[in-house]
Ligand code: SF4
Ligand code: SF4
């Protein structure tokens, strides 16, 4: 009879025990390493411009590129790609994101650890004090540590939406007047309340991602499942005690609170391994163990049916479209309007001038030179000084200048179509805008 199919409790009482099964993967250790990595990424992202929304300047930073809010195609493809990543993660890997990478879970677990550490520290500081005094000191240390951490976390979080140096200045000035300063203060307070009162309760009550899971998951999604065909459970309840979400996985794998962290897998393996039995809880795909080495790699990675292949294909398509949109974007945007307060001006030397208003917006993170000239108008002069002009990183500029043409030329009409061109020193990229040059009637 195999290890797995021995009758109930018989294996536990046997005189000659089977050799201990190999230790399984330590999911908690793996999770803590991933938490540290995610925390470092969370800290670094706003300072690297890899992913940040600058609300005051109405810009989005994506992969180092500075994108204006008005650049619809790039933002559309980026949003669609992000939505498909979220959906694909939920369909294929269930709530693995919640337990391994979500900042809410990372800081909730961290705050629980800090609370334990504070209680121990209070015990060491007041070895002879009463239980009440130790408890009050432990609580005080915990709240002080959380208050300091909340300022740091709220700063990092707000830096995703307000430029970090600007935010630091507001923080140092205790700015509680401007929108940016007030937002930072409110986020700090919410962070403090979240990680002292809510923690993992947030995941099962407020977080919309947890609810979306219910719609997206199917029988092929990654689950944590309890299977005990040989009635080997010794009812130690360790799997329940370690569960931060407060559930009993033995009641079924489709409990919405389960974030698929794997802590109960470790707990059960740890208990049963001592008596020579494999754990009863495991990750599984649609009823089969997730670690099954006999399956091809793509099935082990969760690509198990046509629906998942289609989702991956759509994700790749949006990613490619995003790459093409970013690559094809113009480094400097130009908007041109004719200033029609006067249709034209006759200069003292007889030449004709039309006034235009030009808006330039740099999408680059470095200075760029922009040269302006006019096509389709013989003998034309651009009254812009200096030309080329220099735009700073991400700078927008409005300039009004004259386009000056000779008094007449062969083929001149009252309305003359012209094209105003700009060329930037970045990749010599050029852009143009069409407009009409107005000449006086009956000039001949
Ligand atoms: S049941 Fe297990 S996998 Fe699910 S949340 Fe609790 S400890 Fe984590
Ligand atoms: S840890 Fe394993 S043996 Fe203990 S109660 Fe849970 S499932 Fe049963």
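Return the residues of segment 149-163 that are closer than 23 Å to residue 50 by Cβ and surrounded by 16 or more Cβ atoms within 10 Å (Cβ to Cβ); say none if nothing qualifies. So that I can check it myself, show each step before the final result.
Step one: list which residues in segment 149-163 are closer than 23 Å to residue 50 by Cβ, which gives 152-163.
153, 154, 155, 156, 157, 158, 159, 160, 161, 162, 163, listed by residue number.
Taking the conditions exactly as written (assigned to a loop (DSSP other than H, G, I, E, B) and within 23 Å of the chain's Cα centre (by Cα)), does residue 162 satisfy them or not?
Working: assigned to a loop (DSSP other than H, G, I, E, B): yes; within 23 Å of the chain's Cα centre (by Cα): yes.
Yes; evaluated as a whole, the condition is true for this residue.
Residues in segment 143-159: is at least one assigned by TED's automatic domain parsing to the domain that holds residue 108 and farther than 19 Å from residue 43 by Cα?
Filtering segment 143-159 for residues assigned by TED's automatic domain parsing to the domain that holds residue 108 gives 143-159.
Next, only the ones that are farther than 19 Å from residue 43 by Cα stay: 143-144.
Yes, because at least one residue in segment 143-159 is assigned by TED's automatic domain parsing to the domain that holds residue 108 and farther than 19 Å from residue 43 by Cα.
Please find, among 425, 430, the residue that is without any contact (Cβ under 8 Å) to a residue 40 or more places away in the chain and within 30 Å of residue 53 (Cα to Cα).
Working: 425 fails: without any contact (Cβ under 8 Å) to a residue 40 or more places away in the chain.
Only one candidate qualifies: 430.
So residue 93 clears everything in (1) out of contact with any helix residue (DSSP H, G or I) (no Cβ under 7 Å at 6 or more places or on another chain); (2) away from ligand 1 (no atom under 16 Å from the Cβ); (3) in contact (Cβ under 8 Å) with a residue 40 or more places away in the chain except one condition, right? Which one?
(2)
Please indicate, with yes or no, whether at least one residue in segment 310-321 is more than 20 Å from residue 92 (Cα to Cα), away from ligand 2 (no atom under 16 Å from the Cβ), surrounded by fewer than 19 Cβ atoms within 10 Å (Cβ to Cβ) and touching a residue at least 24 places away in the same chain (Cβ under 8 Å). Spell out the reasoning first.
Filtering segment 310-321 for residues more than 20 Å from residue 92 (Cα to Cα) gives 320-321.
Applying the additional criterion that residues be away from ligand 2 (no atom under 16 Å from the Cβ) yields 320-321.
This time we only want the ones that are surrounded by fewer than 19 Cβ atoms within 10 Å (Cβ to Cβ), so: 320-321.
From what's left, touching a residue at least 24 places away in the same chain (Cβ under 8 Å): 321.
Yes - at least one qualifying residue is present in segment 310-321.
Among the residues in segment 247-258, are any more than 19 Å from residue 284 (Cα to Cα) and touching a residue at least 24 places away in the same chain (Cβ under 8 Å)? Give the derivation first.
Within segment 247-258, the subset more than 19 Å from residue 284 (Cα to Cα) is none.
Looking through segment 247-258, none of the residues is more than 19 Å from residue 284 (Cα to Cα) and touching a residue at least 24 places away in the same chain (Cβ under 8 Å).
What do you reckon, is residue 129 loosely packed, with under 15 Cβ neighbours inside 10 Å, within 30 Å of residue 166 (Cβ to Cβ), assigned by TED's automatic domain parsing to the domain that holds residue 179 and at pLDDT below 85?
Criteria not met by residue 129.
So, of the residues in segment 342-367 that are under 30 Å from residue 63 (Cβ atoms) and at pLDDT 90 or above, which turns out to be surrounded by the fewest Cβ atoms within 10 Å (Cβ to Cβ)?
Top of the filtered list is 359.
Can you find, within segment 259-280, the residue that is nearest to ligand 1 (Cβ to nearest atom) among those that are farther than 17 Å from residue 230 by Cα and without any contact (Cβ under 8 Å) to a residue 60 or more places away in the chain?
First, pick out the residues of segment 259-280 that are farther than 17 Å from residue 230 by Cα: 259-267, 270, 274.
When the remaining residues are screened for being without any contact (Cβ under 8 Å) to a residue 60 or more places away in the chain, the result is 264, 267, 270.
On the way: 264: 3, 267: 8, 270: 13 Å.
Only one residue tops the list, namely 264.
Return yes or no: is residue 324 under 32 Å from the mean Cα position of the chain (by Cα), more than 16 Å from ligand 2 (Cβ to nearest atom) and at pLDDT 90 or above? Steps first, please.
Values: under 32 Å from the mean Cα position of the chain (by Cα): yes; more than 16 Å from ligand 2 (Cβ to nearest atom): yes; at pLDDT 90 or above: no.
In short, no.
Please find, among 239, 261, 207, the residue that is under 33 Å from the mean Cα position of the chain (by Cα), under 30 Å from residue 190 (Cβ atoms) and within 16 Å of ligand 2 (Cβ to nearest atom). Can you show your working first?
Details: 239 fails: under 30 Å from residue 190 (Cβ atoms); 207 fails: within 16 Å of ligand 2 (Cβ to nearest atom).
Unique residue meeting the criteria: 261.
For residues that are within 46 Å of the chain's Cα centre (by Cα) and more than 21 Å from residue 337 (Cα to Cα), scanning just segment 389-414, find the one that is surrounded by the most Cβ atoms within 10 Å (Cβ to Cβ).
394
So which pairs qualify, if the first residue must be in segment 71-90 and without any contact (Cβ under 8 Å) to a residue 60 or more places away in the chain, the second must be part of a helix (DSSP H, G or I) and surrounded by 17 or more Cβ atoms within 10 Å (Cβ to Cβ), the Cβ gap must be under 7 Å, and the two must be at least 6 apart or on different chains?
Close Cβ pairs satisfying both conditions: 89/97.
Given the criteria under 22 Å from residue 302 (Cβ atoms) and either within 13 Å of ligand 2 (Cβ to nearest atom) or in contact with a helix residue (DSSP H, G or I) (Cβ under 8 Å, 6 or more places away or on another chain) (or both), does residue 212 qualify?
Details: under 22 Å from residue 302 (Cβ atoms): yes; either within 13 Å of ligand 2 (Cβ to nearest atom) or in contact with a helix residue (DSSP H, G or I) (Cβ under 8 Å, 6 or more places away or on another chain) (or both): yes.
In short, yes.
Does residue 224 satisfy the condition of being in contact with a strand residue (DSSP E or B) (Cβ under 8 Å, 6 or more places away or on another chain) and within 16 Å of ligand 2 (Cβ to nearest atom)?
Numbers: in contact with a strand residue (DSSP E or B) (Cβ under 8 Å, 6 or more places away or on another chain): yes; within 16 Å of ligand 2 (Cβ to nearest atom): yes.
Taking the combined requirement at face value, the residue satisfies it.
Look through segment 167-225, keep the residues that are at pLDDT 85 or above and not assigned by TED's automatic domain parsing to the domain that holds residue 53, and return whichever of them is nearest to residue 142 (Cα to Cα).
Across segment 167-225, the extreme among qualifying residues is 224.
The values are calculated or read from the model by the stated rules, or taken from the named source; none is laboratory data. The structure presented is a predicted model; accordingly, all values stated were derived computationally and were not measured. Neighbour counts are summed over all protein chains in view; Cβ atoms, including those assigned to glycine, are modelled from backbone coordinates with ideal geometry.
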